[in-house]
Amino acid sequence: MFLKSRATQLLTALLLTSAASAQAQDAVPYMDPKLPVEERVKDLLSRMSLEDKVGQMTQAERGNIKNLDDIGFYGFGSILSGGGSVPGDNSPEGWANMIDAFQRKALEAPLKIPMLYGIDAVHGHNNVYGATIFPHNIGLGATRDPELVKKIGAATAAEVYATGIRWTFSPCVCIARDERWGRTYESFGEDPEIATMMTSVIEGYQGDLGKPGTILATAKHYVGDGGTALDSSNTGNYSLDQGDTRISEEELRKIHLPPYKAAIEKGVGSIMASFSSFNGVKLHGHKYLLTDVLKNELGFKGFVISDWAGIDQISPDPAKNVREAINAGVDMVMEPNNYVRFTDTLTAEIKAGNIPMSRIDDAVSRILTQKFKLGLFENPFTDRSYFNQFGSQEHRDLARQAVRESLVLLKNEQVLPLKKDTARILVAGSNADDIGNQSGGWTMTWQGRSGDIIPGTTILQGIKSTVSASSKVDYVKWPEADEAKGYDLGIVVVGERPYAEGQGDKMDLSLGDGDRRAIQNVCAAMKCVVVVVSGRPQILTDDLPKMNALVAAWLPGSEGQGVADVLFGDFNFTGKLPISWPRNMDQLPINVGDKTYDPLFAYGFGLKY
Ligand code: GLC
């Protein structure tokens with residue numbers, strides 16, 4: 001269906017195109033940056049065929065594009081990289097070459113509408129080797145510092161922009177209400193006050209949109225993704241991710257909606273629909289929430305992007321899914337698997353009168369508006385002068401500051417700050433010397449992984465570079481009792497290994513046996529500080545009495561040096577818990593404001609020197 005009519009259209013355009021008409025095209029109103037965006041959109045829309053419009057509503061995944069000519073043939077509005085979907089040359093230049101090649105194909109189409117490339121740059125440009133990796137959102141929530149987070153947005157935007165990408169699927173403004181959820185670390189915290197203040201990151205990403213170094217932001221996942229009921233998802237037993245949020249509309253509006261209002265006030269260009277459901281109705285097909293509330297009541301003028309094949313979860317019928325998602329208010333469909341089927345189905349549904357053309361024109365206008373605001377028509381290719389900003393020392397210093405401000409001091413029996421001239425220090429624990437673990441998921445790959453995966457400093461390296469030359473620092477991951485003798489101080493860095501999304505759903509948040517043994521053996525033999533590197537609180541109540549000090553470090557990213565900066569007193573603790581720290585698993589879900597509220601450490605708690 002799409003194929004035939006598209007081929008005819010392109011052939012006609014080809015025959016008509018001559019040097020003169022190409023020149024004439026540049027003079028058409030929509031190509032004139034001096035005209036108001038609304039006029040440019042109106043003019044371009046009037047020139048678009050149905051196939052052009054369907055193409056703009058399609059986002060293909062780079063790895064699934066078998067023939068680059070498809071980019072111009074289908075006229076994709078966007079191409080994305082899923083987590084870890086990277087070019088062979090995973091450097092800024094490798095990305096710029098790949099994306100510019102895609103763009104040249106997009107501009108071969110008669111109307112020359114540039115393609116907008118999107119990626120999950122959620123804690124720095126985390127798919128690209130050598131990028132500055134910032135703390136994940138849960139740690140940024142602990143900083144309560146929106147100005148810092150805005151700077152992080154701008155730094156991330158510069159690194160993303162350097163690779164030719166102009167759109168990030170960030171920030172996640174989810175409100176994590178149950179830390180058994182694998183996406184808790186993508187949340188700024190359990191109370192909407194933090195995510196609302198941290199929408200400042202959108203101002204960092206988008207800046208004066210269209211100026212060099214600016215990218216489009218995405219508030220996600222709309223709405224209620226962090227409030228799903230246990231065992232309500234279709235991803236298996238004991239799961240929360242992509243589940244059903246079974247609360248009143250009043251509670252949805254009180255807890256989960258506020259950050260979207262703030263994001264819209266800050267001009268967010270796109271919003272991503274959630275995989276989850278609201279009282280049994282998939283958000284991807286929820287007209288009341290996607291259109292009546294988000295677009296009409298809240299006045300969202302950007303475009304709604306679906307999540308990864310998210311429309312396929314509506315029902316087993318592809319035609320019904322396309323029809324329901326677009327009519328509900330989805331404007332662009334993230335279609336990583338089968339863009340041929342999607343474009344065919346959408347075209348057929350429109351021609352059958354099941355989707356009004358007014359809805360299609362609204363969706364395409366929203367998409368084009370952001371592309372014009374981004375300046376994409378004037379500057380469709382990579383600005384390679386930004387290469388020098390990628391992984392810059394300035395950005396790493398900013399990330400190190402964020403690590404410092406994210407640390408939360410939970411216990412201190414006069415052992416912190418540590419003395420830099422301590423003679424013999426034993427460092428232990430699974431997360432002391434593992435930059436992969438301290439970065440967490442969405443780092444180099446979708447799930448992330450342990451090991452020396454990116455440049456930066458581990459917590460151990462930070463400790464070694466902070467102590468005096470006379471100090472001796474040994475590292476034993478899980479020392480036995482006889483290996484923990486003869487030291488003046490122990491620093492045990494424990495916590496989680498990387499994970500993402502539903503693969504992180506977990507019904508037991510206890511520390512691992514090796515880490516518990518390390519705490520036991522080190523803290524029995526010397527003064528000890530325990531540092532927890534994790535995407536969420538860990539159950540450690542039984543081991544707490546053994547610890548002289550306890551610090552929550554969340555997922556600090558590439559600049560582990562920031563931990564030692566505070567442990568050894570160059571900076572004070574300023575962090576506060578963005579999430580309640582439970583005594584045991586039976587307390588979950590536990591959130592500030594609950595009628596019975598007795599966590600080990602309360603939301604907002606944090607000590608100082
Ligand atoms: C994932 C996530 C979403 C991400 C998208 C593209 O499944 O749910 O947060 O932006 O797919 O990678």
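The values are calculated or read from the model by the stated rules, or taken from the named source; none is laboratory data. No experiment lies behind these values; they were computed from the predicted model shown. Don't worry about glycine lacking a Cβ; one is built from the backbone with ideal geometry, like all the others, and counts go over all protein chains shown. The area values use the complete protein model at the heavy-atom level, side chains included, leaving out ligands, DNA and RNA. Shrake-Rupley method; radii C 1.70, N 1.55, O 1.52, S 1.80 Å.
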Under-5 Å amide H pairs with HIS221, H placed in peptide plane, nonlocal only: VAL173, CYS174
Please tell me the relative contact order of the stretch 398-587 in percent, rounded to the nearest whole number, where contacts are Cα pairs under 8 Å and at least six residues apart. 36 percent
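With respect to the cross-link table entries LYS546/LYS595; LYS42/LYS105; LYS506/LYS546; LYS411/LYS485; LYS301/LYS373; LYS220/LYS254, which display a Cα-Cα separation exceeding 20 Å? Don't jump to the answer; show the numbers that get you there.
On the way: LYS546/LYS595 31 Å; LYS42/LYS105 24 Å; LYS506/LYS546 26 Å; LYS411/LYS485 24 Å; LYS301/LYS373 12 Å; LYS220/LYS254 17 Å.
LYS546/LYS595; LYS42/LYS105; LYS506/LYS546; LYS411/LYS485, as the Cα separations exceed 20 Å there.
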For the stretch 449-521 and the stretch 106-177, what is the centre-to-centre distance using only Cα atoms, to the nearest Å? 29 Å
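Pulled fully out, how much extra length does the chain show between ASP69 and LYS211, if you take 0.36 nm times their separation in residues and subtract their Cα-Cα distance? Walk me through the numbers before you get to the answer.
On the way: separation 142, 0.36 × 142 = 51.12 nm, distance 2.99 nm.
48.1 nm is the gain from fully extending ASP69 to LYS211.
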With the crude spin-label approximation of a point 7 Å out along Cα→Cβ, what separation in nm comes out for ASP231 versus GLU413? 4.1 nm
Once both axes come from the Cα atoms, what is the angle between helix 2-16 and the longest principal axis of the chain, in degrees from 0 to 90, rounded to 10? 60 degrees
Note on the chain: C-alpha Rg/Rh, Kirkwood Rh, two decimals, gives 1.01
Would you please give the residues with an amide H less than 5 Å from that of SER170, counting only those at least 5 places away or on a separate chain, with H modeled from the backbone geometry? THR218
With the Cα gyration tensor of the stretch 182-307 in hand, give its eigenvalues times 5 under a square root as the equivalent ellipsoid semi-axes, listed largest first in whole angstrom. 25, 16, 13
Starting at the first residue of the stretch 219-228, write each ³J(HN,Hα) from the Karplus equation 6.51 cos²θ - 1.76 cosθ + 1.60 with θ = phi - 60°, in whole Hz, x for Gly and Pro. 7, 8, 10, 6, 8, x, 4, x, x, 6
What residues qualify as long-range amide H neighbours of GLY512, i.e. H under 5 Å apart, gap of 5 or more or another chain, H built at 1.01 Å from N? GLY495
Distance between modelled label sites at ASP383 and ARG424, nm, 7 Å Cα→Cβ extension: 5.7 nm
P(r) tail fraction, the stretch 398-587 - alpha-carbon pairs more than 20 Å apart, %: 50 percent
Just how much of TYR238 is accessible, in Å², when a 1.4 Å probe is used and the result is rounded to the nearest 10? 140 Å²
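Would you kindly give the portion of the calculated P(r) for the stretch 503-587 that falls above 20 Å, as a percent of all Cα pairs?
Numbers: 1437 of 3570 pairs.
Pairs farther apart than 20 Å: 40 percent.
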Considering only protein heavy atoms and a 1.4 Å probe, what is the carbon-and-sulfur percentage of the accessible area of the stretch 398-587? 47 percent
Expressed as a whole-number percentage, the relative contact order of the stretch 514-609 with C-alpha contacts under 8 angstrom and at least six residues apart is 24 percent
Taking a point 7 angstrom from the Cα of LYS546 along the C-beta vector, which residues in the stretch 428-453 have backbone N less than 16 Å away? 428-431
Restricting to Cα pairs under 8 Å and 6 or more apart, the percent relative contact order of the chain works out to 17 percent
How far, in degrees from 0 to 90, does helix 146-161 lean away from the longest principal axis of the Cα atoms of the chain, to the nearest 10? 50 degrees
For the chain, the longest principal axis of the Cα atoms and the Cα long axis of helix 37-47 enclose an angle in degrees, to the nearest 10, of 50 degrees
Along the stretch 351-356, Karplus-curve 3J(HN,Hα) (6.51, -1.76, 1.60; θ = phi - 60°) to the nearest Hz, with x for Gly and Pro, reads 5, 7, x, 7, 10, x
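Could you work out the local net charge near GLY141, counting Lys and Arg as +1, Asp and Glu as -1, over the other residues with Cβ closer than 13 Å to its Cβ?
Numbers: positive: ARG144, ARG536, LYS576; negative: ASP145, GLU179, GLU186, GLU190, ASP191, GLU193, GLU405.
Charge balance in the 13 Å sphere: -4.
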